[in-house]
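Structure record follows, encoded as structure tokens.
The values are calculated or read from the model by the stated rules, or taken from the named source; none is laboratory data. Because the structure is predicted, anything quoted here is derived from the model rather than measured. Neighbour counts run over all protein chains shown; Cβ positions are idealised from the backbone, glycine included. Just so you know, the surface numbers come from the protein's heavy atoms only, side chains and all, with ligands and any DNA or RNA stripped out. Shrake-Rupley method; radii C 1.70, N 1.55, O 1.52, S 1.80 Å.
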Amino acid sequence: MSQRMRWVFVIGWCVVIYCFSEFSIFTGESTERVLRHLLAYWPFGAQGDGGASPLNFLVRKSAHVTAFGILAVLVFRALLPRRWAYIGAWSFATLYAATDEWHQSFEPGRTAAVTDVAIDACGALVALVVVWMWRRVRNVRRKEISV
């Protein structure tokens, strides 16, 4: 895949993240409503006042980790073979997370939180550590095969 095409994927994923922040369907209240509706069909259901709130929190924060983990991996691939690809990818994802939270501060029904930037940065870091480990194992296996 060409270097330009890799950057197209990065830009595309940034647009996806932007859209998640832009549209009101992805607010906390909206996901809470959807989860309560879905849980009503399960035997343990959404009875009482507690309902989906802890699950809503988990789903929303997992989405942060996943979205910015994917962004970091895409940027890493676009930056290869540079020596600073890991640092550049993490920095890009973290900076984009900060701008995304700033963008959310202007959207009705959305809030900006520094903790979300930290969660996004952790998601990017975890994804890049997984990539680093995978590449290391792959390189060791290649060396074993060539011997």
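Listed values, structure above:
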read-out	value
Local net charge near VAL15, Cβ-Cβ under 14 Å (Lys/Arg +1, Asp/Glu -1)	-2
Probe 1.4 Å, accessible area per residue of the stretch 3-147, Å²	66
With at most 14 neighbouring Cβ atoms within 10 Å, loop chymotrypsin sites (Phe, Trp or Tyr not before Pro) (DSSP) excluded, longest segment of the chain	107-147
Tilt relative to the chain, helix 53-79 - C-alpha long axis, 0 to 90 degrees, to 10	20
Approximate spin-label separation ILE145-PHE106, in nm, with each point projected 7 Å along Cα-to-Cβ	5.0
Which of SER2, ALA124, TYR18, positive extreme of dipole for the chain (C-beta unit charges)	SER2
Accessible surface of the stretch 53-147 [probe 1.4 Å, protein heavy atoms]: carbon and sulfur percent	72
For the stretch 1-138, alpha-carbon Rg over 2.2 N^0.38 Å	1.20
Most positive-pole-ward Cα, VAL140, VAL73, PRO54, against dipole of the chain from beta carbon charges	VAL140
Anisotropy class of the stretch 64-147 from Cα gyration tensor, a/c 1.5 cut	prolate
Cα centroid separation, the stretch 57-92 to the stretch 104-143 (Å)	5
The chain: angle of helix 85-104 to the longest principal axis, Cα-based, in degrees nearest 10	20
